[in-house]
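**Q** Below are the structure tokens for one structure; questions will follow.
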Amino acid sequence: MAAKESAVETIDDGIAEPGIEPGASSETMLVTTDSFDEYEQEMSSSIDGDRQMKESTGSTISEIQEDSTQDIPISASPQESGKTLSLDDAEMDDVAHRLGQSNIDGDPLRCKAWLAQKKHIFILSQAGKPIYSRYSSEDKLVTVMGVMQALVSFVQAGSDMIRSVHAGDTNFVFVVKGPLILVAVSKTLESVPQLTLQLTYVYNQIISVLTQSQLNRVYDQRRNFDLRRLLTGSERLIDHLLNFMDREPAFFLGAIKCLPLLPSMRSSITQTIIQTCAKIKNLVFAILLANNQLVTLVRMNKFFLHPMDLHIIQNLVDSSESLKTAESWTPICLPKFDSNGYMHGHVSYLSEDCQACLLLLTVDRDVFFVLSDAKQKIVEKLRRTNCLEAINESMNKPTITTADIGLPDMRHVLYKCKSTAQFWNPGFQPPYTTDEEIERLLGLYQCLHHRLHSPSRPLKLIFQQLDKETMLAWVASGFELYVTFEPLVTKPDAIEAVSKLLKWIKKEEERLFILNSPTF
Amino acid sequence: MKTIEGKVVLLGSQGVGKTSLIGRYIGNFDNVSPTIGASFFNCKLNLGDMKIKLHVWDTAGQERFRSMAPMYYRNANAAMLVFDLTQYNSFAAIKGWVKELQQNVEDTMVLAVIGNKSDLHQRQVDGEEGQKYATSIGATYHEISVLHNEGVETVFLAIAKGLLRMVSDNTDITSVKIFDSSSFFNGDGMPLLPSVEESPQNTSIAHGILEKPFTCC
Ligand SMILES: Nc1nc2c(ncn2[C@@H]2O[C@H](COP(=O)(O)OP(=O)(O)OP(=O)(O)O)[C@@H](O)[C@H]2O)c(=O)[nH]1
Ligand SMILES: [Mg+2]
């Protein structure tokens, strides 16, 4: 794509604000953020990362618990920057030596297939202990991780923070958070902020499993701690998350997709949940997911869910077959909600014949049976009111395509409504029918997304003719839009199609989006 | 007909086959994956003219859930301690669990030590050692293969029998519940009233069945 730069036309004035904002609402149940907020936070927290972390130890969970007996230890900063080891020349030589050596004795490093992987992810401790590698067993990579650790601490010693290294077509991106170092080695077109965001997601996945305070505690007690002991079984979650991010636009958009439903049906589902759970104290969120899309979300007054937390929940549900076979009761930490404490989740699928997953999240660890009862009642009511059928119908229906909408030149689109942090996309149609093509298309969207949001020079509109397609990306005041057209579409035709599309989304908005923000 | 209800907890290391075991018993063996937190199952079996209802907590073996375990074994009447016959570590872990139970659970518990995966050849735990250990803690000992469905029924029967024996030996165990669904009156002709001070988690269980704390029949 970079090679096609000459064909790029960026016009800030070629398109007028449409006057409609499909899916917009003044009520939202999700925290709305720009997906690059994370990145900016990362940047500004830089060396002072630990301080920021300490500031966020105020616990939302104990705030909810009326008598909070749980003590949440305040994290101590893992190390003062003054104490970071500095490398002198001799040590630098050593690093170079180890780098050289790793080519000879590191097994995966001699493996062509391993080297050819497009995006490696590594996690190690600040002490350099391997914790996770995406494509090989991490203990074969002790040397490489040692080098990464040396690089990080070398730069840290100069009171600076390593962000990224670029070598040929490869980006090395570093995130140092709490006691962990996360590294992406990528040959994809993803930008540094996008890779940083992905590493932040991986970090949040770990927090979701362990909580921030537990993570800090184990390293405070022993700098050399082997975190793999606590993470065994959770590598699966990280693996799944990484694959998920490669094929789901939700992550870089920072938005949630809803299951399309008749508004009357959705509202009846929501009301059923509210009525059944009305008397249950300490219930913070009720979330119903179907096919990884949001059916409804009911929240405790005053609290909102961050899309990032919902993505982590979606990842858990999507990667855990075992949740399908029984009612589960599991601790889960939502890093954005409260990174230092666990919530307790009653997780179950509605029924054999309706595979939507209901999560009831509470701060009360003793209410499994109360929630189990509530779930039973919810299902009975939903069955009586034909809501289960409606959910099934929507789940089984093939996703509408832009061709179905009557937009023949338009192949695909991502539409994000900013005020509600929700997005919509139609089904893929040819040529985007193979995994490869879909990934390529998402890659193009990510490039556009990056350029629209570029910290140095943000754009409002991009119209770009490529070899295989023509792309349009547009940030209006209420939404973001990414559209893929046939390669030879003209700009006026494209703009005309976009306005038709917006009208269609507007007409369908009540079905495609959740426009209210129900509370218990 | 009498019904006995008891709470059972499945404990043991990651991957030893706890979920497979309960899954096999209730007829849902395919596609197991690591348990997240804990799963709850109800299962029923008959023992002579007794109905036994088991409320089973299938816990996750992953280390990170270890600290959650007390939530699940608290008030349990029985524990199935599962290990993998081909992993000595998992057998050693059972001893840790037993110590923890002894320290934290006051009521007597029915214990079963269960060595799973007897179909595999790389056995690391000697049957005699397992049996000896089980005897030393007053547990029954079983070697089973969930894969080949060998010994699964026996384990659940042993737990049921254990619960039955426990209630008839020990009249002050109130956490195991006994219903009499054939009659509203006990031997003394006293009406059985639903117990007033039920804990909230017990209310969900009895649907139209009158319930009382244990009395000897
Ligand atoms: N060969 C053999 N494999 C078994 C047997 N029972 C279970 N397995 C396998 O062992 C693996 C783990 O089984 P699970 O039932 O998930 O183990 P678990 O103890 O519930 O694991 P956690 O939920 O992580 O604690 C699965 O791949 C099962 O298929 C058996 O009797 N023989
Ligand atoms: Mg299990």
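Throughout, read-outs are computed from the coordinates displayed, never taken from laboratory work. For clarity, every value in this text was computed on a predicted model and none was experimentally measured. Don't worry about glycine lacking a Cβ; one is built from the backbone with ideal geometry, like all the others, and counts go over all protein chains shown.
**Q** Per-residue counts of other Cβ atoms within 10 Å, averaged by peptide: what ranking do you get for A:458-467, A:480-489, highest first?
**A** A:480-489, A:458-467
**Q** I'd like the mean, over residues of B:57-64, of how many other protein chain beta carbons sit within 10 Å of each residue's own Cβ.
**A** Partner Cβ neighbours, averaged per residue: 5.
**Q** Quick check: from the Cα gyration tensor, does region A:452-509 come out rounded (a/c under 1.5), prolate or oblate?
**A** oblate
**Q** Can you list the residues, at least 5 places off or on another chain, whose amide H is less than 5 Å from the amide H of A:Val284, using H built in the peptide plane?
**A** A:Leu361, A:Thr362, A:Val363
**Q** Mind listing the phi-derived Karplus ³J(HN,Hα) values for region A:402-413, rounded to whole Hz, using 6.51, -1.76 and 1.60 with θ = phi - 60°, and x for any glycine or proline?
**A** In residue order, the calculated couplings are 5, 4, 4, 7, x, 10, x, 7, 9, 8, 6, 7 Hz.
**Q** If I take every Cα pair under 8 Å that is 6 or more residues apart in region A:256-396, average their sequence separation and divide by the length, what percent do I get for the relative contact order?
**A** 28 percent
**Q** Given axes a ≥ b ≥ c from the Cα gyration tensor, I'd like to know whether region A:256-396 is rounded (a/c under 1.5), prolate (a/b larger than b/c) or oblate.
**A** Here region A:256-396 falls in the rounded category.
**Q** Here is a further query. Starting from one equal scatterer on each C-alpha and no solvent at all, send me the Debye-based log10 I(q)/I(0) for region A:167-299 at q = 0.10, 0.11, 0.19 Å⁻¹, two decimals.
**A** -0.51, -0.60, -1.13
**Q** Please list the non-local residues whose amide H lies under 5 Å from the amide H of B:Ser118, H modeled 1.01 Å from N, same-chain partners needing a gap of 5 or more.
**A** Those lying under 5 Å, H to H, from B:Ser118 are B:Ile144, B:Ser145, B:Val146.
**Q** How big is the Rg/Rh ratio for region B:1-122, C-alpha atoms only, Rh by Kirkwood, two decimals?
**A** We get a ratio of 0.96 for region B:1-122.
**Q** Across peptide A:327-336, how many C-beta atoms of other chains are within 10 Å of each residue C-beta, on average?
**A** 4
**Q** Considering every residue in B:14-26, what mean count of other chain Cβ atoms within 10 Å of its Cβ is obtained?
**A** Counting other chains' Cβ atoms within 10 Å and averaging over B:14-26 gives 1.
**Q** Something else: Tell me, what ³J(HN,Hα) does each residue in region A:344-357 have, in order and in whole Hz, if you take phi through Karplus 6.51 cos²θ - 1.76 cosθ + 1.60 with θ = phi - 60° and put x for Gly and Pro?
**A** Whole-Hz 3J(HN,Hα) from phi for region A:344-357: 10, x, 8, 10, 7, 7, 4, 6, 3, 9, 8, 8, 9, 9.
**Q** What does the C-alpha gyration tensor say about the overall shape of region A:409-520? Classify as rounded when a/c is under 1.5, otherwise prolate if a/b is larger than b/c, or oblate.
**A** prolate
**Q** Near the amide H of A:Glu327, under 5 Å away, which other amide H atoms are found, from residues 5 or more places off or on another chain, if H is placed in the peptide plane?
**A** B:Phe40
**Q** Could you rank the peptides B:34-41, B:138-145 by their average count of other C-beta atoms within 10 Å per residue, with the highest value first?
**A** B:34-41, B:138-145
**Q** Tell me, what ³J(HN,Hα) does each residue in region B:67-73 have, in order and in whole Hz, if you take phi through Karplus 6.51 cos²θ - 1.76 cosθ + 1.60 with θ = phi - 60° and put x for Gly and Pro?
**A** 6, 7, 3, x, 4, 8, 8
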